[in-house]
Amino acid sequence: GDIVLLTKPVTLTEGDRVTLTTDVPVATDGTSKPEKLLYAVSLPPVRGQIEHINYPGVPISSYSQLDVVAQKVSDVHDNSHGAGKESLR
């Protein structure tokens, strides 16, 4: 089926960490198994990285909807100067 992805911007300041929830990225592919959906980070955050909470400091390039539901994924600011809103892509 068709895949629908809805995202909201995440605002981070220097050193912030935001745990992704289903309010930020949420997707559906029309099946009854959304936990099997996988996200690929095609454009990483400008000032930081996406991390799995079990492996802090290690950037990841993909994660699952199940990881998001379990609040296991974070957008982490790298402490560089500047803050802003970023949308997951």
| said: Using only the heavy atoms of the protein chains and a 1.4 Å probe, how would TYR63, TYR55 rank by accessible area, largest first? | reply: TYR55, TYR63
| query | Which whole-Hz couplings ³J(HN,Hα) result when phi for each residue of the stretch 36-46 is put into the Karplus expression 6.51 cos²θ - 1.76 cosθ + 1.60, θ = phi - 60°, listed in order with x for Gly and Pro? | reply | 8, 6, 10, 9, 10, 7, 8, 9, x, x, 5
| field | LEU66/THR13 FRET efficiency (R0 41 Å; Cβ-Cβ; nearest 0.05) | value | 0.90
| remark: Measure of exposure for VAL41: accessible area at 1.4 Å probe, Å² rounded to 10, is 30
| field | Sum of side-chain charges, GLY57 neighbourhood, beta-carbon under 13 Å (Lys, Arg +1; Asp, Glu -1) | value | -1
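The values are calculated or read from the model by the stated rules, or taken from the named source; none is laboratory data. It should be emphasised that the depicted structure is a prediction, and the values quoted were computed from it without experimental measurement. Backbone-built Cβ (ideal geometry, glycine too); neighbour counts: all protein chains shown. Quick note on the areas: whole protein, heavy atoms, side chains included, nothing else; ligands and nucleic acids left out. Shrake-Rupley method; radii C 1.70, N 1.55, O 1.52, S 1.80 Å.
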